[in-house]
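The values are calculated or read from the model by the stated rules, or taken from the named source; none is laboratory data. The structure displayed is predicted, hence computed values, not measured ones. Please note: Cβ atoms are built from the backbone with ideal geometry, for glycine as well, and neighbour counts cover all protein chains shown. Accessible surface is based on the protein model in full, side chains and every heavy atom, while ligands, DNA and RNA are left aside. Shrake-Rupley method; radii C 1.70, N 1.55, O 1.52, S 1.80 Å.
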Amino acid sequence: MAKTVAMIITNDNILVRDNESDEFKTFTMPSLNPSPNIPFYHEFAEKIAECQYYFKEFMKGIYGKKLNKYILAIIVPDDTSKLESIFINEFFVNSGACKAVAQMPMALALSKEEVRYISISKSSRNVILEYVRNNETVVRKLYDIHTCNPKQVMSDAEKIHIDVEYNDVPIFVNNFNMNMDEYIEMGEIISTKQFMEKISNIDVEKL
C-alpha cells in the first residue's frame, strides 16, 4: 500500500516530511535565480531534468531507493494558478521520486473542525482572502502584495459571501511564512508549527 509523504511549497523553498523523525527537511535547488513576484519553482522549467535529479536524490536521502511506494501530498500557496498547479504535479510525478502526487492549497488545511471559515494568507506576490466551506474554496480574492491595504482586506472579509453575513464564521490568519504582522489582530493565528502539525498526517483521499 502506498504511503503518504507531506510536502509544502513555501515562498522560497520546499519542505518534505521525514515520516521516521517526524521532522520537515528543506530542499533548495542550487543555482536558482528567482525573479521578484514570481514563485521560485518557475525556475525549475529552465532545467527540468537537473532539478528533478536533485529532488530525487534528496528524497533518496530520506526514504531510500524504493520511492515508487510513496504519494506526495503537496501543499501549495493559496494563489497557485491552474497552470502552475499542472506544472507542479507534472514536475514531481515525472521526477521518479514518488508513485503519484496529490495537491491542496494551504487554506484548505487550516481547520478540520470548522465547516466554514475565512483564510487570510500571503505568498511572495499576493495577499489571499478565501472563504472555505466543506473543505472547498467558495470565494477567493487576490491583492497585490505591494499595494494591498489590510483594512480593505478586513472589510472584504466581512462581506465575502452571504454565509458570512448571516453566520459567525471564524477567520484564520495563516502565518506559516511569518509574514502576516499587519493581519495579526484579524483572526486566529496559525503559526508555522501549528500548520506543520495540521498536515503531518494528511489523508490524500481528502486532497
Single unsatisfied condition, Ile8 versus (1) surrounded by fewer than 16 Cβ atoms within 10 Å (Cβ to Cβ); (2) modelled with pLDDT of 95 or more = (1)
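Collect the residues in the range 10-47 that are among the hydrophobic types (A, V, I, L, M, F, W, C), in contact with a Ser or Thr (Cβ under 9 Å, 6 or more places away or on another chain) and outside any loop (DSSP other than H, G, I, E, B), keeping them in residue-number order.
Residues of the range 10-47 that are among the hydrophobic types (A, V, I, L, M, F, W, C), as a first pass: 14-16, 24, 27, 29, 32, 38, 40, 44-45.
Next, from what is left, pick out any that are in contact with a Ser or Thr (Cβ under 9 Å, 6 or more places away or on another chain): 14-16, 24, 38, 40.
The answer is Ile14, Leu15, Val16, Phe24, Phe40.
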Output the residue which, of all residues in the range 129-178 that are β-branched (Val, Ile, Thr) and without any contact (Cβ under 8 Å) to a residue 12 or more places away in the chain, is farthest from Arg116 (Cα to Cα).
-> Thr147
Residue ID - farthest from the chain's Cα centre (by Cα), chosen from residues in the range 158-194 that are among the hydroxyl-bearing types (Ser, Thr, Tyr) and open to solvent by 20 Å² or more (accessible area, probe 1.4 Å) | Tyr166
Out of all the residues in the range 11-48, which are of a type outside the set (Ser, Thr, Tyr), open to solvent by 80 Å² or more (accessible area, probe 1.4 Å) and out of contact with any strand residue (DSSP E or B) (no Cβ under 8 Å at 6 or more places or on another chain)?
-> Asp12, Glu20, Asp22, Asn33, Pro36, Glu46
